[in-house]
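Everything below concerns the one structure shown next.
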Amino acid sequence: ACLTALLLLAGCSNAPTTRGKAPDRDMEAKEWGQSDVNRMATLSMQANLQSLYTLMDKLYRRNPQEWRKGGFDSREQAMKAVKQAIENQQPWPDLMDQRDIDGMSMALAPEFSSDRVAAFTWATADMLITAYGGRTTLYLIHGLDAQTVYNASRNLEIANWMLTHRKLSNGQPMLLTNEINTSERNRSFEREFGKMIARNDLMADVVSEKYRRAVIGYVQGLAGGSLLQFLP
């Protein structure tokens, strides 16, 4: 019986998984100009933008009237335009030069009549990029401010609350987000916000530890060089 159980366990260990796998990236030339913290910040920013694009897609699917307000022919066309504006760091016309948290507030203001999804996505991306020093890729010459990155997480918490609770003058939700009723509880919007918040909070911790760990690493290097040189 024990042998049978062990064989069953061995078989399970070789069973194909459907839960994905850890990222396996090829080495890029730009990585030679990045420290560990630079690389982590770059990956964090890339992942945050992907989360934002996922949120944009979900918002458009639940609120198709928004991309129609923007004069687009389809959800896909609207998403492509927003992504291009974000990645080229171009202003979003409907926000009238409002950026960062001011743009986020404008997009969720009751009187805003243009495409809320596009404006909110663009402004939130602009807020995150601003928190990361105005960059989506960081190199050795670039630094981060831990408090600014931490503040970005708090801004995301506020944005999540506003999306969930803000209503129009007629009492209808400004934008439909999570589906919560007697038959369905879909909190996928909150999960994407949670991922972005967690990444930024971790990044803030890493940046705040950076200089302290550099001193510790230097001392460890000195100790290792003198005390551990004869160890195999």
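The values are calculated or read from the model by the stated rules, or taken from the named source; none is laboratory data. Just so it is clear, the structure is predicted and the values come from calculations on it, not from any experiment. Please note: Cβ atoms are built from the backbone with ideal geometry, for glycine as well, and neighbour counts cover all protein chains shown. Surface areas here come from the heavy atoms of the whole protein model, side chains and all, with no ligands, DNA or RNA. Shrake-Rupley method; radii C 1.70, N 1.55, O 1.52, S 1.80 Å.
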Go through region 118-166 and give me each residue that's in contact with a Leu (Cβ under 8 Å, 6 or more places away or on another chain), at pLDDT 95 or above and polar (S, T, N, Q). Thr121, Thr124
Being more than 30 Å from Ser208 (Cβ to Cβ) and surrounded by fewer than 19 Cβ atoms within 10 Å (Cβ to Cβ) narrows it down to one residue among Glu76, Glu87, Glu66; which is it? Glu76
Which one of these does Ser105 not meet: (1) touching a residue at least 24 places away in the same chain (Cβ under 8 Å); (2) out of contact with any Gly (no Cβ under 8 Å at 6 or more places or on another chain); (3) of a type in the set (Gly, Ala, Ser); (4) open to solvent by 20 Å² or more (accessible area, probe 1.4 Å)? (1)
Return the residues of region 77-100 that are among the hydrophobic types (A, V, I, L, M, F, W, C) and modelled with pLDDT of 95 or more; say none if nothing qualifies. Ala78, Met79, Ala81, Val82, Ala85, Ile86, Trp92, Leu95
Among the residues of region 123-142, the number that are open to solvent by 50 Å² or more (accessible area, probe 1.4 Å) and farther than 16 Å from Gly103 by Cα is 4
Provide a single number: the residues in region 35-84 that are within 21 Å of the chain's Cα centre (by Cα), of a type in the set (Gly, Ala, Ser) and under 17 Å from Ala119 (Cα atoms). 3
Against the conditions (1) modelled with pLDDT of 70 or more; (2) not in a helix (DSSP H, G or I), where does Lys21 fall short? Just the number, please. (1)
